[in-house]
Amino acid sequence: MIDTFKKYLSGTNLSENTQESYLFAVKQYHKRYDDKLTKKNLRDYKIWLIENFSPKTVNLRLRGINCLLESLGKEQWKLTFVKVQQKLFLENVISEADYVYFKKRLKKDGEMSWYFVIRFLVATDVRVSELIQFKVEHVKAGYFDLYAKGGKLRRIYIQKGYRKKPFLGWKIVSEKVAFFF
């Protein structure tokens, strides 16, 4: 059954990571219930997931099982997802006062490269993982296009003040790569 499901997944538009995740869920199910695909076993599996994992993980595994059920033509057996409570606030965000203090300390300690990195991160709302992808051409163009999950485009604009020729924070390593020094 797993080999058949693997072949089914390879014919979908799902990413390789998603396919692996779905296969993991099906293998986990089969490890607990052998090859006995019944409504009762499916309900028991869902309860076991809820008792042992976070709601996001539960829903991910249930998507894998539901995909298996689709591949077998048993859509009527699909399991419902658990509700995930969304937080109405951001975690791990520093206050304005902490940001100002942090910048002041970096400047006072002579850590100008980090000073400019922090200023740039805040000014552009860019993530650190995205910052390391910036190239000279992006700085010159004034924006950087990133493609996120689901093929969504995220455009990061670089303010004019950060694009001025000798901006102290940029070090041009080559025509292709720009780093903060």
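The values are calculated or read from the model by the stated rules, or taken from the named source; none is laboratory data. Quick caveat: nothing in here was measured; it's all calculated off a predicted structure. Quick reminder, even Gly has a Cβ in these numbers, built from the backbone with ideal geometry, and neighbours come from all protein chains shown. Note: accessible area is taken over every heavy atom of the protein model, side chains too, but ligands, DNA and RNA are not part of it. Shrake-Rupley method; radii C 1.70, N 1.55, O 1.52, S 1.80 Å.
Summary of computed values
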read-out	value
Which of 39, 56, 135, 83 is most accessible, then next, and so on - probe 1.4 Å	83, 56, 39, 135
Euclidean distance between Cα centres, the range 1-31 to the range 101-124, Å	46
Residue 18-residue 128 pseudo-label distance in nm [points 7 Å out on the Cα-to-Cβ vector]	2.9
Filter on 74/152; 56/135; 27/56; 40/74 - keep pairs with C-alpha separation over 26 Å	74/152; 56/135
Sequence-distant aspartates and glutamates (8 or more away, or on other chains) whose Cα lies within less than 18 Å of residue 160	125, 137, 145
Rg(Cα) / (2.2 N^0.38 Å) computed for the range 1-68, rounded to two decimals	1.06
The range 38-140, accessible surface, carbon-and-sulfur percent (1.4 angstrom probe)	55
Rough spin-label spacing in nm, given labels placed 7 Å along Cα→Cβ, for residue 53 and residue 107	4.9
Accessible area of the range 39-133 divided out per residue, in Å², using a probe of 1.4 angstrom	70
Aspartates and glutamates whose Cα lies under 20 Å from that of residue 39, excluding same-chain neighbours fewer than 8 positions away	51, 70, 75
Reciprocal mean inverse distance between Cα atoms of the range 1-123 - Kirkwood radius, Å	17.9
